[in-house]
Amino acid sequence: MARRTGQTPPPEDFEENIIDIDVAEEMRGSFLEYAYSVIYSRALPDARDGLKPVQRRILYSMSAMGLRPDRGHVKCARVVGEVMGKLHPHGDTAIYDTMVRMAQPWAMRMRMIDGHGNFGSLGGDDAPAAMRYTEARMSPEALLMVTGLDEETVDFRPNYDGQELEPEVLPAAFPNLLVNGATGIAVGMATNMAPHNLGEVVAAARHLVTHPDATLDDLMKFVPGPDLPTGGKIVGLNGVRDAYANGRGTFKTRATVHIENVTPRRKGLVITELPYNVGPERVVAKIKDMVQAKKLQGIADLKDLTDRTVGLRLVIEIKNGFHPEAVLEELYRLTPMEETFGINNVALVDGQPKTLGLRELLQVYVDHRIDVVRRRSLYRRRRREERLHLVEGLMTALLNIDEIIQVIRSSDDSAQAKSRLMQVFELSEIQAQYILDTPLRRLTRYDRLELEKEQETLRKEIAALTEILESEKKLRSLVSKELAEVSKKFATPRRTVLLEADGAPRPVVPLEVEDDPCLVLMSSTGLLARTVDASPLADDGPRAPHDVLQSVISTSVRSEFGVVTSAGRLLKVEVVDLPLLQPSDAPPSLAGGAPLEEYVTLAEDEQAVGLARLAEDGPGLALGTEQGVVKRVANDYPANREEYEVITLKDGDRVVGAVQLDSEEQDLVFITDDTQLLRYTASNVRPQGRPAGGMAGIKLAAGAKVIWFGAVDPSRPSVVITVSGSATALPGTQAGNVKVSEYADFPPKGRATGGVRSHRFLKGEDVLITAWAGPAPASATDIAGEPVDLPAELGRRDGSGVPLPSPIGALGGSIGPRVDES
């Protein structure tokens, strides 16, 4: 075979050396090396300081760069470059991702980095900004982790290329592994540790320092459970105890939810805290998916009102007719509002991965901290002894200053001077060199006093440090005292609520409200509500200012009703969507009702004139129009439509009244603006289909029109109220005259007749402004909503009225059926 052009031929003495190896053995060895590297150099934290290598290198580099809490922030890219170039031979993405997590308050109970800029969002839905945009410095808590590094408290080792040194572990002035937790996936093992409260963990560590034989039960009195950065609730502590005993266990975390009135007519669930590592975007997306899939019912709306001022706030509006407690249980079951957290306390102890319980974790930290304080005390004592040695030499020079100067002057060079000083004054080499390096200005009488004072101080400090080093009790006492100072300065109240699961069955709350009988109320100002108690509507019931009832129908909670408008339309509304009024709410005023506009959309010149029951047998709905047409609508309302016409109106005509009949024996009543009143039984009007235009109801005089239409039960004591005035006056500006007459004084007439006169005009009056007929006692309000006293004495059927103090805005009375009569 021809050799390629330019290819270098092998040397003549070249011999092929092919080694046969076992592939399985090679794979096993390579895999073990890789696993070892991942476990010890990347994924698992050290049980002493609770840090992975990359976290430790970040804090050490920031400390070396002087990025302390009292200094300014610098670009995160600078820190990443420093760490990657000197200590961490991996990608910049891994380093920056670690920095981001160390700066997130929702990820760590005590964050290590004080960041400026976008460091992401809860749940990870919003990615952090690039490292060239964000800035960082060490937090005050992080300073506790590195304090003492310059005092030989820990061992250092060469970095990856042997040109730098890095600490094997940080001094860690607080139990970081328990306080901040840890997560990591290695090869064949993983760690997942929950954060805890600093004050509780420090209290347990101090107890273990002073009581080395403390049991797990003793320590759990101080650490009852995890304290998650995002708060929430932990439900069931059995798994927590298992984790504290064996290093493995699970528990459930729940969102913190409050039931509030989110709108005037609806209750809602307000979420202020979510489970650990769950973001609001994830919850919102899951709820929407469940609602669209029809696996979750009862939710009307969902809003995310989270901001920097109020913090997390998700508002879930609940449909009327659904119990918020039951909907909340479904949310816990179907969405991330309840999550399971699995504890797996795997950490490196003496270079070996081990699964540790609470006592073992605290013991490893306590032993580490005792070792750090001992090594620090040894370092400080040695440095003070070295300084004392120099001070003593300098004192000797001050006491023999003339001789010292003479020796130095008579020496040929500095080496001879140092040697002669050592011989003459019995000084060490270090003392002699220090004397030669000391300026003459330091050898004054004042400096001697200072040196004597320093000598005394150094001797006391050396003695105190020696006592600590020679007494295990004092050493442990110092460790406990320093932990207490950290707790006093940095501890915060517990955020997570712990709930003990007792296993007792909870009362089951049905998801939907039962289909109980109720009354639907509409007021003259257009407020809608429902009530299950008819007692406030009794004849002698309480009367509240501001409103009167315009229409009342009996129905059930889970049914529908119709709002009849002046344009002849009927608009469907679900009863369950209406706010529920209690008897104490004084339903005649409907103070707790909701505006009609929240349920139906009306045209500019369209008004609601009454309510109607749907899909039931009975005498039906009675309508009266301004031009005197009457109609009884048959109960043939389609279930698949939200609105439809219930009467075909003539041009210029409008519906002035609509009433749901309870019996064909009720009277239909027309009152016109020229004082005519006509009553006849409803049986005189045959039911018609919805498209029909009705039939003649009252014979009108030229120019007259109907101003009120309704139904009256002739078996009940009822009254007729008429208010007269001038047609030329502006609406709402004239008070007029009012008359209250007994309904029985008006004789019934035939349908399509002219009726009888109900009011006599006084001078200057030529029209009825408003009128009403119904069960006594009647009530009225002015246009400002204040109650207006009606005449106590009944007037003659065709008599004139008495002057009103102010214009009447609405008339009403004890109207409508009782629930038990429906």
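Given a Förster distance of 56 Å, report the FRET efficiency between Thr492 and Glu26 from their Cβ-Cβ distance, rounded to the nearest 0.05. Mind dumping the intermediate values first?
Working: r = 53 Å, r/R0 = 0.95.
The pair Thr492/Glu26 has a calculated efficiency of 0.60.
Taking 0.36 nm per residue of sequence separation and subtracting the Cα-Cα distance, how much length would be gained by fully extending the chain between Asn246 and Thr183, in nm to one decimal?
Length gained between Asn246 and Thr183: 20.9 nm.
Hey, what's the Cα Rg ratio for segment 256-336 versus the globular rule of thumb, 2.2 N^0.38 Å? Provide the component values of the computation, followed by the final result.
On the way: Rg = 11.9 Å, N = 81, 2.2 N^0.38 = 11.7 Å.
Compactness ratio reported: 1.02.
Semi-axes, largest first, in whole Å: what does sqrt of 5 times each Cα gyration tensor eigenvalue give for the chain?
92, 34, 25
With axes computed from alpha carbons, what is the tilt in degrees of helix 358-399 against the longest principal axis of the chain, rounded to the nearest 10 within 0 to 90?
Long axis of 358-399 versus the principal axis of the chain: about 50 degrees.
Restricting to DSSP H runs of at least four residues, report the calculated mean residue ellipticity at 222 nm for the chain, -39500 (n - 2.57) per run over all residues, nearest 500 deg cm²/dmol.
Here the helix-only value at 222 nm equals -9000 deg cm²/dmol.
How much length is gained if the chain between Arg68 and Asp125 is pulled fully straight, taking 0.36 nm per residue apart and subtracting their Cα-Cα distance, in nm to one decimal?
17.5 nm
Excluding same-chain residues fewer than 8 positions from Lys474, which lysines have a Cα within less than 29 Å of its Cα?
Output for Lys474: Lys221, Lys453, Lys460, Lys488, Lys489.
So what's the net charge close to Val74: Lys and Arg +1, Asp and Glu -1, counting the other residues with Cβ under 15 Å from its Cβ?
Around Val74, the surrounding residues sum to +2.
Under a 5 Å amide H to amide H cut-off, with H placed in plane at 1.01 Å, what residues pair with Arg654 once short-range neighbours are removed?
Close amide H contacts, sequence-distant or interchain: Glu626, Gln627.
Given N residues in segment 362-490, what is Rg(Cα) / (2.2 N^0.38 Å)?
In units of the globular-protein estimate, segment 362-490 measures up at 1.46.
Could you give each residue of segment 623-635 its phi-based ³J(HN,Hα) in whole Hz, using Karplus coefficients 6.51, -1.76, 1.60 with θ = phi - 60°, and x for Gly or Pro?
10, x, 10, 5, 8, x, 8, 10, 8, 10, 8, 5, 7
Compute the length gained on full extension between Leu305 and Arg333: take 0.36 nm times their separation in residues and subtract their Cα-Cα distance, giving the result in nm to one decimal.
7.7 nm
Under the rule of at least 5 residues apart or a separate chain, name every residue whose amide H is placed under 5 Å from the amide H of Leu762.
Amide H neighbours of Leu762, under 5 Å, 5+ apart: none.
Quick one: of Lys252/Lys481; Lys319/Lys631; Lys354/Lys473; Lys233/Lys303; Lys705/Lys739, which pairs are farther than 25 Å apart, Cα to Cα?
Lys252/Lys481; Lys319/Lys631; Lys354/Lys473
Å³ per residue of the Cα convex hull, for segment 74-199?
Roughly 137 Å³ of hull volume per residue.
Bear in mind these aren't lab numbers, they're just calculated from the coordinates by the rules spelled out. Since this is a predicted model, take the numbers as computed values, not measurements. Using ideal geometry, Cβ is built from the backbone for each residue, glycine included, and neighbour counts are taken over all protein chains shown.
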